[in-house]
1. If you average the sequence gap of Cα pairs under 8 Å that are 6 or more apart and divide by the length of the chain, what percent do you get for the contact order?
2. At q = 0.15, 0.19, 0.22, 0.25 Å⁻¹, what log₁₀ I(q)/I(0) does segment 34-113 have when each alpha carbon counts as one equal point scatterer in the Debye sum?
3. Can you give me the Kirkwood hydrodynamic radius for segment 90-177, using every pair of distinct Cα atoms, in Å to one decimal?
4. Each label point is 7 Å from the Cα along the Cα-to-Cβ direction; what then is the distance between the points at Arg75 and Glu18, in nm?
5. Determine the gain in length on full extension of the stretch Val189-Thr25; use 0.36 nm per residue of separation and subtract their C-alpha separation, reporting nm with one decimal.
6. Tell me, what ³J(HN,Hα) does each residue in segment 93-108 have, in order and in whole Hz, if you take phi through Karplus 6.51 cos²θ - 1.76 cosθ + 1.60 with θ = phi - 60° and put x for Gly and Pro?
7. Skipping prolines and chain starts, which residues have an amide H placed within reach, meaning under 5 Å, of the one on Val80, given they are 5 or more residues away or on another chain?
8. Kindly state, as a whole number, the per residue volume in cubic angstrom of the convex hull around the alpha carbon atoms of the chain.
Amino acid sequence: MKLADKRGLETDVYQPAEDSHLLATTASERIDDGDFVLEVGTGSGYVVETIADETGARAIGSDLNPHACERARDRGLEAVRADLLTPFAASTFDAVVFNPPYLPTDPDNEWDDWMEHALSGGESGREVIDRFLTDVGRVLSPDGVVLLLVSSLTGVEEVVERAGEEGFSAVAVADESFPYETLTVLELVR
Ligand SMILES: C[S@@+](CC[C@H](N)C(=O)[O-])C[C@H]1O[C@@H](n2cnc3c(N)ncnc32)[C@H](O)[C@@H]1O
């Protein structure tokens, strides 16, 4: 089924937007060519492709949405269908990058399609982020970093606090303000 994304385009796959650009640019400045990088929730593959092109790093994408994996593969990228980090082995990646579904949504008003998976972070806006934070330390190499995009709509302080509970310290390394939200890229290190 084809569905409308937040900019009204008909698609099964999230199309790159301001959040994608901010994450792609910030990650490309912080990743080195020898790194092995995972982008969780790759969507169209735009972010992981930018990182690979700009840095020379080996970068792969993953997504729960099979249409997204297909779209990323059409761009010549490696894409794994996965629920967050489930299939990935311990201590594998030098960097994990994620532009998560982060909009707080009313549980009575969910829309049950691939665009909901791309946008909805559940009632708090942090349900997918919290699951991600619980497991991401497992797949990181000892000096690995996480670059996580969050929005003022999601609650940046709450994400920082949750990351702290998982043993990460978080620093905001980029932000950009729009009339309806401020986007921030958090860098998490242990
Ligand atoms: C906001 S979109 C970002 C897409 C792309 N990375 C970008 O920045 O343009 C979030 C993506 O996360 C994916 N996603 C949502 N829940 C997921 C999960 N549990 N495991 C893997 N991917 C997930 C969605 O399918 C969607 O492609």
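What follows is calculated from the coordinates using simple rules that are stated; it is not laboratory data. Values in this document were obtained by computation on a predicted structure and should not be read as measured data. Cβ coordinates were reconstructed from backbone atoms using ideal geometry, including for glycine residues, and neighbour counts include every protein chain displayed.
1. Values: 417 pairs, mean separation 35.6, N = 190.
It comes to 19 percent, rounded to a whole number.
2. -0.54, -0.79, -0.99, -1.18
3. On the way: mean 1/r = 0.0729 Å⁻¹.
In segment 90-177 this quantity evaluates to 13.7 Å.
4. For the pair Arg75/Glu18, the computed spacing is 2.1 nm.
5. Values: separation 164, 0.36 × 164 = 59.04 nm, distance 1.91 nm.
Length gained between Val189 and Thr25: 57.1 nm.
6. Result, rounded to whole Hz: 10, 7, 8, 10, 10, 8, 9, x, x, 10, 7, x, 10, 6, x, 7.
7. Here the answer is Gly61, Ser62, Asp63, since their amide H atoms fall under 5 Å of that of Val80.
8. Values: hull volume 20.4 nm³, N = 190.
Per-residue hull volume (Cα only) is 107 Å³.
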